[in-house]
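Below is one structure. I have some questions about it.
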Amino acid sequence: MSYFLGRATELKQLENLMQRKKACIAVVKGRRRIGKSRLIKEFAKDKVFLPFAGIAPTNTVSAQEQRNSFAGQLSALFNVPTVIYDDWVAVLAALTVQLTHKPTVLLFDEISWMGSQDKTFIPKLKNWWDLVLQDYPNILLVFCGSISTWIEENIINSTAFFGRIALYIDLQELSLAESYAMLRKQGITLSTHDVFKLLSITGGVPWYLEQIEAGQTADENIARLCFRRSGLLVHEFDRIFSDLFEGKGIIYQKIINALCGSMKNLAQLRGDLHYPEGQALGKYLNHLIISGYVTKHYSWSMQTGHIGKQNLYRLSDNYLRFFLKYIEPNLPKIEKNSFADVTLTALPGFKSLMGLQVENLLLNNRAPLLNALDIKPQDVVADNPYLQKAASRRKGCQIDYMIQTQSRNLFICEFKFNTQELKMNVIDDMKEKIKRLSVPKGFGICPVLVHFGDVSDAVHDTRYFFKIIDMSSLLI
């Protein structure tokens, strides 16, 4: 059974549009499986809901077949004969006949598939809006799709719809608390350790979370989804890239492979890929950022708080990271079902990989961390992973997560997804990082330990850490 949780802000935004009592356009984009269509369906449950979806592109899917599919959906919704239309003007006119003045949500889902084969689709859609749909007082027209780059170029940044879009939603993953609540709704009663293990692979992607089955351990769920030949997440990677980049996915795959090991700046990435100067690497990176798979981390000057020129790029999607690190290298064995009965914790490097995956998960969920530290978002000057490059007078230093506040305090956060008790060496490691860090005069240093598992009494007794945060508390 599918449960709808979260999205309170987005539902409120959509409801505010309907309260205007005039026709409005909303755009909803986000990564594959993030729940875009489900959000609109939930919002429209007490309204007239008219959903239309483009069909997945293949070498044989033409513009006419997209129109035929739309006409077939129109026929099914209104129980009218199916008519073949050779032009989008005629298709949209046929839909207009069926519209009423009741509160209506009109969804054009996977709109990039719907219109990518016909260069006249967008201008004809724009004319339909201008000349027809604006006269209906209670219609919300929603454009939705997973190919965020197409939506950016053809709708959001297009002159055709300039000034016409009333709401833009970039749908993100569910929060840690929402993801945990969803698992509990599904009957998952596993330990918080196992919940983090699952979330380290699925992130807060609703469709992935829905595949977790009650009555199975975390390892059994992971093995079923990721390490069996028929596992749903075994071939999800191929679907992502075939859908998103329409056969142009090779360069994008090279980029995410290069980012899988560690964060990199543009120069490092260019060197790893042997990509020539002055070509479109920045554009491809931006496409991955828009699509929700890569995050750009701005560097900043601690002294001034100003954004710096050097930026780091991180593969921030937990599923892609796990696929590249553990599923892809083992695909030949998975295809032979050699992993069907394997104990995951016995696999080489699995434990350390989980630590990195959880670290990435926490970076994608900063709000509960800030709340646990009693830091208001408006007090944050900058917060990101921090990389200090080695120079002649200083050593290199990498901070898992650093927060600079208006009061000139630096919160130095160390993430530890540990199963064994943390002892005094965790303090030694933190002291070494802080010693290497080049900090301006007058700044306060607040070391923070974010951990899972036990922390020894000796560590607590030193009162060294400004705060020790148990990850389990972030799930509530």
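The values are calculated or read from the model by the stated rules, or taken from the named source; none is laboratory data. Computed from a predicted model, the values in this text were never measured in an experiment. Here the Cβ is made from the backbone with ideal geometry for all residues, glycine too, and neighbour counts use every protein chain on show. Ligands, DNA and RNA are excluded from the accessible area calculation, which covers all protein heavy atoms including side chains. Shrake-Rupley method; radii C 1.70, N 1.55, O 1.52, S 1.80 Å.
Is it the case, given these coordinates, that Leu331 is touching a residue at least 40 places away in the same chain (Cβ under 8 Å), within 27 Å of the chain's Cα centre (by Cα) and within 22 Å of Phe465 (Cα to Cα)?
When the stated conditions are applied, Leu331 does not pass them.
Mind listing whichever residues of region 40-72 are open to solvent by 70 Å² or more (accessible area, probe 1.4 Å) and not hydroxyl-bearing (Ser, Thr, Tyr)?
Answer for region 40-72, where residues must be open to solvent by 70 Å² or more (accessible area, probe 1.4 Å) and not hydroxyl-bearing (Ser, Thr, Tyr): Lys41, Lys45, Asp46, Asn59, Glu65.
Give region 429-455 a look and list any residue that's open to solvent by 90 Å² or more (accessible area, probe 1.4 Å) and in a helix (DSSP H, G or I), or say none.
Listed by number, the residues that qualify are Lys431, Lys435.
So, in region 161-205, how many residues would count as being on the phi < 0 side of the Ramachandran plot and open to solvent by less than 20 Å² (accessible area, probe 1.4 Å)?
19
Same structure, new question: If you scan region 318-331, which residues turn out to be open to solvent by less than 10 Å² (accessible area, probe 1.4 Å) and hydrophobic (A, V, I, L, M, F, W, C)?
Scanning region 318-331 gives Leu320, Phe322, Phe323, Ile327.
Moving on to the next point. Could you list, in sequence order, all residues of region 24-34 that are modelled with pLDDT of 95 or more and not β-branched (Val, Ile, Thr)?
Cys24, Ala26 - these are the residues of region 24-34 that are modelled with pLDDT of 95 or more and not β-branched (Val, Ile, Thr).
Still on this structure, I have one more. Identify all residues within region 135-153 that are under 17 Å from Ile122 (Cα atoms), open to solvent by less than 50 Å² (accessible area, probe 1.4 Å) and either assigned to a strand (DSSP E or B) or out of contact with any strand residue (DSSP E or B) (no Cβ under 9 Å at 6 or more places or on another chain) (or both); write none if there are none.
Leu141, Val142, Phe143, Cys144, Gly145, Thr149, Trp150
Still on this model: Which residue, of Thr343, Thr295, is of a type in the set (Val, Ile, Thr) and touching a Ser or Thr at 6+ places or on another chain (Cβ under 9 Å)?
Among Thr343, Thr295, only Thr295 is of a type in the set (Val, Ile, Thr) and touching a Ser or Thr at 6+ places or on another chain (Cβ under 9 Å).
Turning to a different aspect of this structure: Residues being assigned to a strand (DSSP E or B) and either basic (Lys, Arg) or open to solvent by 20 Å² or more (accessible area, probe 1.4 Å) (or both): count how many of those fall in region 385-399.
Total satisfying the criteria: 5.
Please specify each residue of region 47-80 satisfying the condition of being within 26 Å of Lys102 (Cβ to Cβ) and touching a residue at least 24 places away in the same chain (Cβ under 8 Å).
Lys47, Val48, Phe49, Leu50, Pro51, Phe52, Ala53, Gly54, Phe70, Leu74, Leu77 - these are the residues of region 47-80 that are within 26 Å of Lys102 (Cβ to Cβ) and touching a residue at least 24 places away in the same chain (Cβ under 8 Å).
Report yes if some residue within region 369-383 is open to solvent by 80 Å² or more (accessible area, probe 1.4 Å), of a type in the set (S, T, N, Q) and part of a helix (DSSP H, G or I); otherwise report no.
yes
Going residue by residue through region 234-246, is there one that turns out to be open to solvent by less than 40 Å² (accessible area, probe 1.4 Å), farther than 30 Å from Val61 by Cβ and assigned to a loop (DSSP other than H, G, I, E, B)?
no
Run down Glu220, Glu213 and say which single residue is at pLDDT 90 or above, in a helix (DSSP H, G or I) and either out of contact with any Ser or Thr (no Cβ under 9 Å at 6 or more places or on another chain) or open to solvent by less than 80 Å² (accessible area, probe 1.4 Å) (or both).
Glu220
So how many residues does region 332-367 have that are open to solvent by less than 40 Å² (accessible area, probe 1.4 Å) and not small (Gly, Ala, Ser)?
14
Restrict the check to region 277-293 and report whether at least one residue is part of a loop (DSSP other than H, G, I, E, B), loosely packed, with under 15 Cβ neighbours inside 10 Å and under 20 Å from the mean Cα position of the chain (by Cα).
There is no residue in region 277-293 that is part of a loop (DSSP other than H, G, I, E, B), loosely packed, with under 15 Cβ neighbours inside 10 Å and under 20 Å from the mean Cα position of the chain (by Cα).
Continuing with this model, one more query. So which residues in region 415-425 are surrounded by fewer than 20 Cβ atoms within 10 Å (Cβ to Cβ), under 31 Å from the mean Cα position of the chain (by Cα) and modelled with pLDDT of 95 or more?
Residue satisfying the conditions is Lys416 alone.
Out of region 183-212, which residues are closer than 16 Å to Asn365 by Cα and among the hydrophobic types (A, V, I, L, M, F, W, C)?
Answer for region 183-212, where residues must be closer than 16 Å to Asn365 by Cα and among the hydrophobic types (A, V, I, L, M, F, W, C): Val195, Phe196, Leu198, Leu199, Ile201, Val205.
Filter region 400-413 down to the residues that are outside any strand (DSSP E or B) and not small (Gly, Ala, Ser), then identify the one that is farthest from Lys431 (Cα to Cα).
For region 400-413, the residue satisfying everything is Gln406.
While we're here: Would you confirm whether any residue within region 294-317 is closer than 21 Å to Ser200 by Cβ, aromatic (Phe, Trp, Tyr), open to solvent by less than 40 Å² (accessible area, probe 1.4 Å) and part of a loop (DSSP other than H, G, I, E, B)?
Within region 294-317 (the criterion being closer than 21 Å to Ser200 by Cβ, aromatic (Phe, Trp, Tyr), open to solvent by less than 40 Å² (accessible area, probe 1.4 Å) and part of a loop (DSSP other than H, G, I, E, B)), the answer is no, since none of the residues qualifies.
Can you find a residue that is polar (S, T, N, Q) and either part of a strand (DSSP E or B) or open to solvent by 70 Å² or more (accessible area, probe 1.4 Å) (or both) anywhere in region 456-475?
No, the conditions are met nowhere in region 456-475.
Sort out which residues of region 73-125 are open to solvent by 30 Å² or more (accessible area, probe 1.4 Å) and aliphatic (A, V, I, L, M), and write them in order of number.
Ala76, Leu77, Val80, Val83, Ile84, Val89, Ala90, Ala93, Val97
Further question on the same structure: Does Asp317 satisfy the condition of being in contact with a Phe, Trp or Tyr (Cβ under 6 Å, 6 or more places away or on another chain) and either touching a residue at least 60 places away in the same chain (Cβ under 8 Å) or charged (D, E, K, R) (or both)?
For Asp317, the condition - in contact with a Phe, Trp or Tyr (Cβ under 6 Å, 6 or more places away or on another chain) and either touching a residue at least 60 places away in the same chain (Cβ under 8 Å) or charged (D, E, K, R) (or both) - is met.
Right, next: For residues that are small (Gly, Ala, Ser) and at pLDDT 90 or above, scanning just region 247-274, find the one that is nearest to the chain's Cα centre (by Cα).
Top of the filtered list is Ala258.
Filter region 1-31 down to the residues that are open to solvent by 80 Å² or more (accessible area, probe 1.4 Å) and in a loop (DSSP other than H, G, I, E, B) and list them by number.
If the condition is that a residue be open to solvent by 80 Å² or more (accessible area, probe 1.4 Å) and in a loop (DSSP other than H, G, I, E, B), then Met1, Gln19, Arg20, Lys21, Lys22 are the ones that fit.
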